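The values are calculated or read from the model by the stated rules, or taken from the named source; none is laboratory data. Just so it is clear, the structure is predicted and the values come from calculations on it, not from any experiment. A quick note on method: Cβ atoms are made from the backbone with ideal geometry, for glycine too, and the neighbour counts reach across all protein chains shown. Note: areas computed on protein heavy atoms with side chains; ligands, DNA, RNA excluded. Shrake-Rupley method; radii C 1.70, N 1.55, O 1.52, S 1.80 Å.
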Amino acid sequence: MNNITVDTNPLVYIYHSVPELGRSYASILGELSIKNTLLIPKIVYGELSLIFQKVNELNAFLKDTGIVIGEMTPKAYIKAANRWQEYNRNRVLMCQRCGIRLGKLSCDKCESEIKIRQHILTDFIIGALALETKEQSLVTHDSGYFSTYFPELKIISSHQ
């Protein structure tokens, strides 16, 4: 079987039954799970634990969807940290869906540029896990962001 990495947001949309998106991602993951193993990094498990009421509900959800927790090498963590560092050096406001760069924000009083961190290290760990797989595929709703910082990945999204 092939491995496909899954970002946190499609799972949140499914769990919360977000109209359109939840159904769309449930369909995408259902189709992918026929011939692939769906992976999440441990950090996504941690993020999901904040959304589910109880750990046994989270574990049941993962079992029902066929999602397993993938292991990462130290090299992958280093790759994630290096790309996150690059992101912080070049940080700009960006649409997470299409990747278009947005105008700068500045202080009305002193006109200093205000930088907003849109992505945290967790996002880069998710991308790095996807890079470790042979397929280098990621299911995410943040296709613009991942296409920018992980151009090697094949992005699978509800808005392709």
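Looking at Gly70, Gly46, which one is touching a helix residue (DSSP H, G or I) at 6+ places or on another chain (Cβ under 6 Å) and open to solvent by less than 40 Å² (accessible area, probe 1.4 Å)?
Details: Gly46 fails: touching a helix residue (DSSP H, G or I) at 6+ places or on another chain (Cβ under 6 Å).
After applying the criteria, what remains is Gly70.
Within the stretch 49-67, the residues that satisfy the criterion of being surrounded by fewer than 15 Cβ atoms within 10 Å (Cβ to Cβ) and either touching a residue at least 40 places away in the same chain (Cβ under 8 Å) or of a type in the set (A, V, I, L, M) (or both) are Leu50, Ile51, Val55, Ala60. Applying the selection to the stretch 1-32, what residues are modelled with pLDDT of 95 or more and farther than 17 Å from His141 by Cβ? Once the filter is applied, which keeps residues that are modelled with pLDDT of 95 or more and farther than 17 Å from His141 by Cβ, the stretch 1-32 yields only Asn3.
Of the residues examined, Glu135 is not one that is assigned to a loop (DSSP other than H, G, I, E, B), farther than 24 Å from Ile14 by Cα and either open to solvent by 60 Å² or more (accessible area, probe 1.4 Å) or modelled with pLDDT of 90 or more (or both).
Tally time: how many residues in the stretch 105-121 are in a loop (DSSP other than H, G, I, E, B) and either modelled with pLDDT under 70 or not charged (D, E, K, R) (or both)?
Taking the stretch 105-121 first, the residues in a loop (DSSP other than H, G, I, E, B) are 107-112, 115-120.
Keeping just the survivors that are either modelled with pLDDT under 70 or not charged (D, E, K, R) (or both) gives 107, 110, 112, 115-120.
Selection size over the stretch 105-121: 9.
Pairs are defined by a Cβ separation below 8 Å, a sequence spacing of at least 6 or placement on different chains, a first member in the stretch 1-30 that is assigned to a strand (DSSP E or B), and a second member that is open to solvent by 30 Å² or more (accessible area, probe 1.4 Å) and of a type in the set (Asp, Glu); the pairs so defined are Asn2/Glu135; Asn3/Glu135; Ile4/Glu135. Only residues that are small (Gly, Ala, Ser), modelled with pLDDT of 80 or more and within 18 Å of the chain's Cα centre (by Cα): list them for the stretch 58-104, please. Within the stretch 58-104, Gly66, Gly70, Ala76, Ala80, Ala81 qualify. Of the residues making up the stretch 82-112, those that are without any contact (Cβ under 8 Å) to a residue 12 or more places away in the chain and of a type in the set (Lys, Arg) are Arg89, Arg101, Lys109.
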